[in-house]
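A.B. asks: Quick one: the structure is below, questions incoming.
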Amino acid sequence: MPIMDEVKQSDGRIRISLIDLFVWMSCTGLFCAVSQNSFQLIWQNNFTAILLLIPVLLAYPVGLTALFLFGMRRLRRKPTIFQPGHWLLCLQGVAGILYIVSTLKSLVIDSGYFVAFPPENTSWQFYIPLIEQFVVMIAIVVTGCLLPVRMIWRSYLVAICFLYGVTILQLVLLLSDSNFMLVDFDWFTTAYLAGILFTFFLLIGLAVYDKLTTDERRDLLHWLGVVVTAQFYIPSFIFLGMNHFGFV
């Protein structure tokens, strides 16, 4: 269970506390509230909505709680053994914050004003997600570079850049084409599927390599970070795979 602790220990390790459970539950409730309308507006298929909502509700609240936890420990100058799984959770927390901002933005754009007074040029709709994807990518990379972690784990950032880069390239092509319907999406699905698969196995490989090459004991929060991050890619891979092969 994604519960974390602020109890100071002599070795700097982290245990579970009730206050962290309250923070996690509050974050989960926040993401449930923010995501509800967004998924109902975009996805009419209940299976698809649930499938894509799973990683959001599992990863982002835990990541946001991790940011709170390590931020409070730093403010109180408590010793902390920062491990790779903690690093992964903080990346999820940063992505979660930007997800909230992006979803709230979408709700504003879909409000009555834009419906009643639609702009003549609809290409602006692609500029916003293009900027969003770029901002999220930069934020994750900067966070990953600033926070301490074994150098080998930073290869995960390269995989992240590839995934966001595919999406950014697709949006650029949509903006550069006068007829959006002529853009071929097959390359996007194939590249993104390959990227997700590579990122997933890279993450598992990093965790195994880290276990075999260090004498430092990894705590449960580290493994929680690995599992939560790995599961984030599974629903998207299932959905895109089914879509690519014509099952949905």
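The values are calculated or read from the model by the stated rules, or taken from the named source; none is laboratory data. Every value quoted in this text rests on a predicted model; they were computed, and no experiment measured them. Note that each Cβ is placed from the backbone with ideal geometry, even for glycine, and that neighbours are counted across all protein chains shown. When the accessible area is computed, the model is the full protein with side chains, heavy atoms only, and any ligands, DNA or RNA have been set aside. Shrake-Rupley method; radii C 1.70, N 1.55, O 1.52, S 1.80 Å.
A.B. asks: Put a dot 7 Å past each Cα toward the Cβ at residue 234 and residue 220; how far apart are the dots in nm?
C.D. replies: So the label points at residue 220 and residue 234 sit 2.0 nm apart.
A.B. asks: Now for a different question. What FRET efficiency do you get for residue 82 and residue 175 if R0 is 51 Å and r is their Cβ-Cβ distance, rounded to the nearest 0.05?
C.D. replies: Plugging the Cβ-Cβ distance into 1/(1 + (r/R0)^6) gives 0.80.
A.B. asks: Here's another thing I want to ask about it. Which peptide among 164-171, 195-202, 62-69 comes first, and what is the full order, when sorted by highest mean count of other Cβ atoms within 10 Å?
C.D. replies: Per-residue mean Cβ counts within 10 Å order the peptides as 62-69, 164-171, 195-202.
A.B. asks: Note the full-extension length gain between residue 138 and residue 33 as 0.36 nm times their separation in residues minus their Cα-Cα distance, in nm to one decimal.
C.D. replies: Extra length available between residue 138 and residue 33 comes to 35.2 nm.
A.B. asks: Can you sort 138, 160, 128 by 1.4 Å-probe accessible area, starting with the largest?
C.D. replies: Listed by decreasing accessible area, they come as 138, 128, 160.
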